[in-house]
Each structure stands twice: as structure tokens, then as C-alpha cells.
Amino acid sequence: MKIAYLASPILPSRAAHSVHIMKMCEAFSCLGHEVHLIGAMRSKVENQDVWDFYDVDRSFEIIYLPKPYPDVECFPETYLKGTGNMINSAMAVKEALKIDPDIAYSRNETTAYLACLAGLSTIYESHVPVPFEQFGTIRDKIFRSMLKKDEFKLLVVISESIEEYYKDNYDLERECILLARDAAEVPKSNSSPIMFDNDKELQVGYIGNLYQGRGKDVIASMARECDFAHFHIVGGDEKSVEDWKKAMDGSNVTFHGFIHPSGLDDFRVSFDVCLAPYKRDLKVDGGQNTARWMSPLKIFEYMGAGKPIIASDLPAIREILEDEETALLCDPEKPERWVKALKRLKGKELRKRLAKKAKKRFMENHTWEKRARDIVETVSSRLE
């Protein structure tokens, strides 16, 4: 199958969605499909080979679009959200038509709709229901128009809550929607554990952005109360790191800053415990609260690394993890429960049991390859 993945990530970049897009293109290509990532935009800020940056095989083509403002280092924030979104979408579809794909795949409803208008069989993947995105009213109208097109073949969603929302609010046939949670991969065999410069009993890690709602207060409380552990915060821009440092008043916290995706496996395999302290008010880069809809990449990455996890007891997290079976789930508003959970994980047997069950569930359900296979198999039946 020839797949045109129509997306406009800036490559390489620190955005989580760019990781998702690159890993899915790699997964489709690893299954033997011809994959073209169309619409990416070159970054002048991250001056590194894109394949090495994301640690993906050079098994698919990337077709870049020209920058709208060639003389500036970064794109205006509004460009890919307003008129620029429509321009990029149209340009990406135009490039896709040149390769005549069997499927056009996109995470942007405008791009997906234009692909349908161009006569391309189309898959749209949604990570937040369209009315809850920025410019939700406009997005909703575009999405409803797309659903009426014969070329629209499949809606892919990442959580049960999103699936239920679409089924309750739109006229969708059952076979038109597929639940495919996010995914990850097992750390590569050449990953090297880091020898951290401290003598603490447990090395506890958090990897990810430091946006609002990522549990700064939870980790700060744990660091103060758990002097047997050293806490490693991996990720965040300079401003966010400085903000988090102000809340961490102990010597048992190290900030490693942003690490390229290709270097994160070394950290994951080095941690004794991994944290996912999401709050109920969880903001992403665009400002939306995604706590209800999320399917966090970091949780699957922790599972794939075979590490015991302490995570927030939220409905979206419970779709992935089971308390006392594959993780310890704690109320994100009660830091004392996180402290208690970490003290329990001083015991190696509990850490081993949780990690083993989480890794098993991951291998059975949450690899990029399985996700890609489920999508291809589902849409293939719709193309017959």
C-alpha cells in the first residue's frame, strides 16, 4: 500500500506530535508499505539530521514544504493555526496527488477534508475532539463536511473518551472509527544505562514537557519527603526548567533539560521508578486542557522500558494502566499518596512485579508496529 502521511510538523523539533508522526511513518514502512511524509517544514533551530534526531530508519520519504518566511529562524505561532494551515494543507494535498497514494493520512481535519475533495481515500486521526481544539467551531464544520464524503474511510482516535464523544455527537458508522491508543517501542539493545553521580537508593525519573499540569508540586513534595531517592527531570525549555527549579528546594533533584528523542532510551533504562503526575487541569502547547482525552506517549515509553510506574489516577490513564497490577495510581491532588507509593517501591519485588506486567501488556498491545498494523488492516477492509 502507498501511504501519503500529510502533516506539517517542523522537523526536527521538540514537539511531541513530531515524534508521533515520525514513529508512525517508520512503523508503516516497516510493515512493507511505501510511505511519503508530505508537508513537513525544515527547522533552522534544531540543526541536526532529522533521522538521527528521532532515531528512526531512513525507510520513508520526507517531502518538505517551503517556509512562508524564509529569513526568520522560527515560524510565527499563528501560521500553522490560521491561513497558513489552509495553505500548507492545500500544498500537501497537491504534492500527494503527484504520487497517487492508496491512502492519505492526516492528523489535521482541514488537510484530511481537502484530501477527500481531491479524490483521495483518507484517514483522519484525532487526539482531541475537533470542537475542543482551537477554532473549534470552524473545525467542527469542516469535520462534519468531511464525514459526508465517500473518500473519508476511517477515523482513528487515541482514547475511549474521544471514541465515545464522536459516537455520541456525530453520525458515524461503527466501522468508520478505530480506537488505536498511542504507542512506543522497546529501548534499543545499544542503550547505555547512565551512571548517575549520587548515592541514593532509588533513581526516579520524569521525562516530558514541563507545561502546566505536569505535576510540579507532586514531584517537589516527593523530593522533600523521600531523601532515599534522587529525582531526574528530563525535558522542558529553559524558561520552564527555571520555573520548576524554584519549586525544588532539595539537593536530590537534577534537571537535565531537553534531550533529543534519540537519547532518551539511555535515561529510561537507568531509572528505578518512572513518574507520570498529570493533573486534572492539563495544558498542552496550544493551551487546551487534554486531561480527558489524552493517551500519553511517556506512559507507553515507560512500559516499553520495563520500569515500574507511579501515575495519576485519572480516567484516561486507567484506560492504559491498572492500579496495583501494571502501576501504582495516585490522586494527582494529594502529593502525600505519591510519597507513600514511592516508599512502597523501595521493595524490589513490587518494582519487579509491576514492571513485568506492564512490559507484557505493552508488548501485546502498544507497539508502534501493532498500532500501524491495526490501522492498515481496518482501512483495507473499507477500501474493498
Can you work out the FRET efficiency for the pair residue 2 and residue 360, with r the C-beta to C-beta distance and R0 = 35 Å, to the nearest 0.05? 0.50
Extension gain from residue 168 to residue 49, taking 0.36 nm per residue of separation minus the Cα-Cα distance: 38.5 nm
Assuming 0.36 nm per residue, please report the length gained on full extension of the stretch residue 179 to residue 42 beyond their Cα-Cα distance. 46.2 nm
Starting from the Cα of residue 343, step 7 Å toward the Cβ, then list every residue of region 229-262 with an amide N under 17 Å from that point. 229-230
Debye equation applied to the C-alpha atoms of region 202-365, log10 I(q)/I(0) at 0.14, 0.20 Å⁻¹: -0.65, -1.47
Which of the aspartates and glutamates could a cross-linker span from residue 148 if the Cα-Cα distance has to be under 20 Å and same-chain partners fewer than 8 positions apart are dropped? 102, 109, 125, 140, 163, 164, 168, 171, 173, 175, 384
Lysines with Cα under 18 Å of residue 245, excluding same-chain neighbours fewer than 8 positions away: 216
Computed E for residue 228/residue 195 - FRET, C-beta separation, R0 22 angstrom, nearest 0.05: 0.75
How much length is gained if the chain between residue 58 and residue 246 is pulled fully straight, taking 0.36 nm per residue apart and subtracting their Cα-Cα distance, in nm to one decimal? 63.5 nm
So if the hydrodynamic radius of the chain is defined as the Kirkwood radius over C-alpha pairs, what does Stokes-Einstein give as its diffusion coefficient at 10 °C and 1.306 mPa s, in µm² per second? 73 µm²/s
How would you rank 144, 351, going from fewest to most other Cβ atoms within 10 Å of each one's own Cβ? 144, 351
Arrange the following residues from fewest to most other Cβ atoms within 10 Å of their Cβ: 126, 161. 161, 126
At R0 = 41 Å, FRET efficiency that the Cβ-Cβ distance of residue 188 and residue 160 yields, to 0.05: 0.85
Residue 99 versus residue 148: modelled label distance in nm, points set 7 Å from Cα along the beta carbon direction: 3.1 nm
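Every number here is computed from the coordinates shown, using simple stated rules; none is lab data. Every value quoted in this text rests on a predicted model; they were computed, and no experiment measured them. Note that we place each Cβ from the backbone using ideal geometry, even for glycine, and neighbour counts take in every protein chain shown.
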